[in-house]
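Here the structure is laid out as structure tokens; the discussion comes afterwards.
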Amino acid sequence: MKISIITATYNSQATIGDTIRSVNSQTYKNIEHIIIDGASTDNTLNIVKELHQGPVVSERDKGIYDAMNKGIAIATGDVIGIINSDDFLANDEVIENVVKTFQSEICDVVYGDLVYVDPVDTDKVLRRWIAGKYVPSQFLQGWMPPHPTVFVKKKLYSKYGHFNLELKSSADYELLLRLLFVNKAKVKYLPGVLVRMRSGGQSNRSFQNRLTAHKEDYLAWKINGLSPKWYTLMMKPVRKIKQFIVIDR
């Protein structure tokens with residue numbers, strides 16, 4: 001089984017090295033790491049050239065989801081994962097465990113848990129996103145899996161489509177809603193932290209950004225011909241509260 005990992009970058013010189021090294025150090029070696037760069041003006045591409053061994057595309061794009069779609073279009077793996085340029089795989093056996101799960105279970109999607117870490121001291125855990133086992137009705141309770149931990153068979157993208165570029169901050173939510181809830185893809189939860197993400201997500205940086213994300217979350221349902229419950233989208237940010245209860249670091 002070949003795994004394609006897509007990383008979108010733009011002026012990511014401070015963090016892209018950690019992302020690349022986390023992929024390079026995996027015990028599972030049949031990995032294609034694709035970097036889609038938005039024409040960075042800093043030192044990102046020099047770092048990529050020094051550390052990276054896979055395909056690289058650098059050109060202007062229409063945003064991160066456009067970059068991800070470009071990566072999906074050229075990916076040659078059986079399974080595709082998307083790791084952001086300020087994220088990194090949690091340990092050297094992440095991809096090996098993902099592959100074992102695909103091989104031992106009848107599934108099209110595998111996902112796991114994620115921790116948010118301090119942007120500088122990445123050993124310091126600030127939040128824990130423990131996704132838990134997938135239950136379809138949980139989407140109505142504001143649930144979604146952490147997107148950087150989601151690995152999807154490429155055939156699903158071919159069948160059900162890529163990221164919807166009408167959405168600027170919730171295209172990952174809409175895609176997961178479409179694949180899992182609407183089209184009932186076969187899903188397996190892999191317990192354990194797969195990805196470490198530096199804290200400071202764009203959608204949560206300000207009230208205005210959160211309001212925009214809320215509107216787009218609603219649109220994600222409408223695009224799929226669905227209506228969420230009156231409480232669904234309110235529960236989405238509420239569910240994050242328990243992520244701040246950090247038991248250990």
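Restricting attention to the stretch 129-142, which residues are more than 15 Å from the chain's Cα centre (by Cα) and touching a residue at least 24 places away in the same chain (Cβ under 8 Å)?
Result: G132, K133, Y134, P136, F139, L140, Q141, G142.
Pairs under 8 Å by beta carbon, first residue farther than 15 Å from L219 by Cβ in the stretch 169-191, partner surrounded by fewer than 20 Cβ atoms within 10 Å (Cβ to Cβ) and among the small types (G, A, S), six or more apart or different chains?
L179/A185; Y189/G132
Return only the number of the condition from (1) closer than 19 Å to A73 by Cβ; (2) exposed (fewer than 15 other Cβ atoms within 10 Å of the Cβ) that V238 does not satisfy.
Evaluating V238 over (1) closer than 19 Å to A73 by Cβ; (2) exposed (fewer than 15 other Cβ atoms within 10 Å of the Cβ) leaves (1) as the failure.
Of everything in the stretch 105-142, what is over 23 Å from T232 (Cα atoms) and either in a loop (DSSP other than H, G, I, E, B) or aromatic (F, W, Y) (or both)? Give them in sequence order.
Listed by number, the residues that qualify are E105, I106, C107, D108, Y116, D118, P119, V120, D121, T122, D123, K124.
Quick one: in the stretch 99-127, of everything that is among the charged types (D, E, K, R) and farther than 20 Å from Y28 by Cα, which residue is nearest to the chain's Cα centre (by Cα)?
Initially, the stretch 99-127 is screened for residues among the charged types (D, E, K, R), giving 100, 105, 108, 113, 118, 121, 123-124, 127.
Restricting the remaining residues to those that are farther than 20 Å from Y28 by Cα gives 118, 121, 123-124, 127.
Numbers: D118: 18, D121: 21, D123: 20, K124: 21, R127: 16 Å.
Looking at residues that are among the charged types (D, E, K, R) and farther than 20 Å from Y28 by Cα, I get R127.
Within the stretch 163-177, how many residues turn out to be surrounded by 20 or more Cβ atoms within 10 Å (Cβ to Cβ) and either polar (S, T, N, Q) or outside any loop (DSSP other than H, G, I, E, B) (or both)?
Number of matching residues: 9.
Are there any strands (runs of 3 or more DSSP E) wholly within the stretch 1-104 with 1 or more residues that are of a type in the set (V, I, T) and crowded, with 24+ Cβ neighbours inside 10 Å, and if so which?
Numbers: elements: 3-9, 31-37, 56-58, 79-82, 87-89.
Those strands (runs of 3 or more DSSP E) span 3-9, 31-37, 79-82.
What single numbered condition from (1) buried (at least 19 other Cβ atoms within 10 Å of the Cβ); (2) in a loop (DSSP other than H, G, I, E, B); (3) at pLDDT 95 or above fails to hold for K184?
Going through (1) buried (at least 19 other Cβ atoms within 10 Å of the Cβ); (2) in a loop (DSSP other than H, G, I, E, B); (3) at pLDDT 95 or above one by one, K184 breaks only (1).
Looking at (1) of a type in the set (D, E, K, R); (2) in contact (Cβ under 8 Å) with a residue 60 or more places away in the chain; (3) farther than 24 Å from Y173 by Cβ, which is the one condition that is false for D87?
(3)
The values are calculated or read from the model by the stated rules, or taken from the named source; none is laboratory data. Everything quoted here is computed from the prediction, not taken from an experiment. Please note: Cβ atoms are built from the backbone with ideal geometry, for glycine as well, and neighbour counts cover all protein chains shown.
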